[in-house]
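Read the structure below first, then the notes.
The values are calculated or read from the model by the stated rules, or taken from the named source; none is laboratory data. Note that the structure is a prediction, hence the values are computed from the model and not measured. Please note: Cβ atoms are built from the backbone with ideal geometry, for glycine as well, and neighbour counts cover all protein chains shown. Just the protein is used for accessible areas: all its heavy atoms, side chains included, with ligands, DNA and RNA removed. Shrake-Rupley method; radii C 1.70, N 1.55, O 1.52, S 1.80 Å.
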Amino acid sequence: MTAGDDALVFDTGPMRHFAQHGWLGVLKFLAAGRPVLIPDSVDGEIRRQVPDVPELQQVLDAEWIRVDRSDDLAVVMAFADYERRLAVGDRNRGECGVLALGKVHGYELVLDDREAYAIGESEGLNVTATLPLLCQAIREEQLTVAMVEALADDLISGEYHLPFGSGGFRTWALEQGLIEPA
C-alpha cells in the first residue's frame with residue numbers, strides 16, 4: 001500500500017472515542033484530504049471491541065480509513081521494539097503499531113496516549129494529538145470554539161482522558177496558546 005508522505009496515522013483511542021460519540025466525521029474533516037491510516041494492531045483492537053461498542057464498526061467500514069498490514073521487516077522490527085517497551089498483554093499494541101509506522105515511514109502520528117506520545121517525541125517522530133489538530137482547525141476558522149467545546153465535553157462524558165474537565169476546553173486551549181482570545 002502506498003499512503004503518501006503526508007499520511008496521518010491514528011491510534012485506537014481517538015478512533016474509538018470519536019466514533020462512539022458520533023464525531024468520527026470530524027477526524028475525516030481534520031485530515032483535510034490527507035491519507036488516514038491505522039496499523040493492523042489498531043484494526044485488531046477495534047475489531048475486538050465492536051461486540052461491546054457497536055459504533056466502532058463505522059471505523060472499520062469507513063472508506064477513508066486504510067489499514068496498514070505491513071510486512072516490511074523494518075516496521076515489524078520497530079513494532080517489536082515498541083512492544084517490549086509499551087505493551088502490557090494486549091494493551092498498548094495499537095500505540096506500538098502507530099509508532100512503528102512513524103519511525104519507518106515518517107508519517108504524522110496522532111497519539112493521545114501520553115506515554116506513547118512522549119516516546120515518539122523523544123525519538124524525533126512527527127507526533128501530534130487530537131487537541132492540537134482541533135485547535136489548528138479553530139485557528140484556520142474551519143471549526144468554532146463552541147463546537148470543539150461540545151465535542152470535548154462529549155468525549156469526557158465517555159471517559160476519554162483529556163487534560164481538563166468538562167467545560168474546560170477553552171481555558172485549557174488559551175493557557176496552552178493554541179487558540180486566540182475571542
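Check G33 against each of (1) surrounded by fewer than 20 Cβ atoms within 10 Å (Cβ to Cβ); (2) over 25 Å from A137 (Cα atoms) and name the one condition it does not meet.
It fails just one condition, (2).
For segment 145-182, which positions are open to solvent by 80 Å² or more (accessible area, probe 1.4 Å) and either in a loop (DSSP other than H, G, I, E, B) or of a type in the set (A, V, I, L, M) (or both)?
Result: E159, H161, S166, Q176, E180, P181, A182.
With R16, R48, R34 as the choices, which residue is among the basic types (K, R) and either more than 22 Å from Y117 (Cβ to Cβ) or over 15 Å from the mean Cα position of the chain (by Cα) (or both)?
Just one listed residue meets the conditions, R48.
For segment 36-76: of the residues being within 15 Å of H17 (Cα to Cα) and in contact with a Gly (Cβ under 6 Å, 6 or more places away or on another chain), which is surrounded by the most Cβ atoms within 10 Å (Cβ to Cβ)?
Looking at residues that are within 15 Å of H17 (Cα to Cα) and in contact with a Gly (Cβ under 6 Å, 6 or more places away or on another chain), I get V42.
Just the residues that are at negative phi and not in a helix (DSSP H, G or I), please, taken from segment 123-140.
Within segment 123-140, E123, L125, N126, V127, T128, A129, E140 qualify.
Would you point out which residue out of A7, A87, A3 is surrounded by 14 or more Cβ atoms within 10 Å (Cβ to Cβ), modelled with pLDDT under 90 and in contact with a Pro (Cβ under 7 Å, 6 or more places away or on another chain)?
Among A7, A87, A3, only A3 is surrounded by 14 or more Cβ atoms within 10 Å (Cβ to Cβ), modelled with pLDDT under 90 and in contact with a Pro (Cβ under 7 Å, 6 or more places away or on another chain).
When the residues of segment 36-56 are filtered to those that are β-branched (V, I, T) and not in a helix (DSSP H, G or I), which remaining residue is farthest from I138 (Cα to Cα)?
Only one residue tops the list, namely V50.
Please go through segment 4-35 and give me each residue that is outside any helix (DSSP H, G or I) and closer than 15 Å to R93 by Cα, ordered by number.
Across segment 4-35, the qualifying residues are V9, F10, D11.
Residue under question is V67, and the condition is that it be in a strand (DSSP E or B) and closer than 24 Å to L155 by Cβ; does it hold?
Details: in a strand (DSSP E or B): yes; closer than 24 Å to L155 by Cβ: yes.
Taking the combined requirement at face value, the residue satisfies it.
Determine if segment 112-122 includes at least one residue that is closer than 19 Å to G22 by Cα and either in contact (Cβ under 8 Å) with a residue 40 or more places away in the chain or part of a loop (DSSP other than H, G, I, E, B) (or both).
Looking for residues that are closer than 19 Å to G22 by Cα and either in contact (Cβ under 8 Å) with a residue 40 or more places away in the chain or part of a loop (DSSP other than H, G, I, E, B) (or both), one finds at least one in segment 112-122, hence yes.
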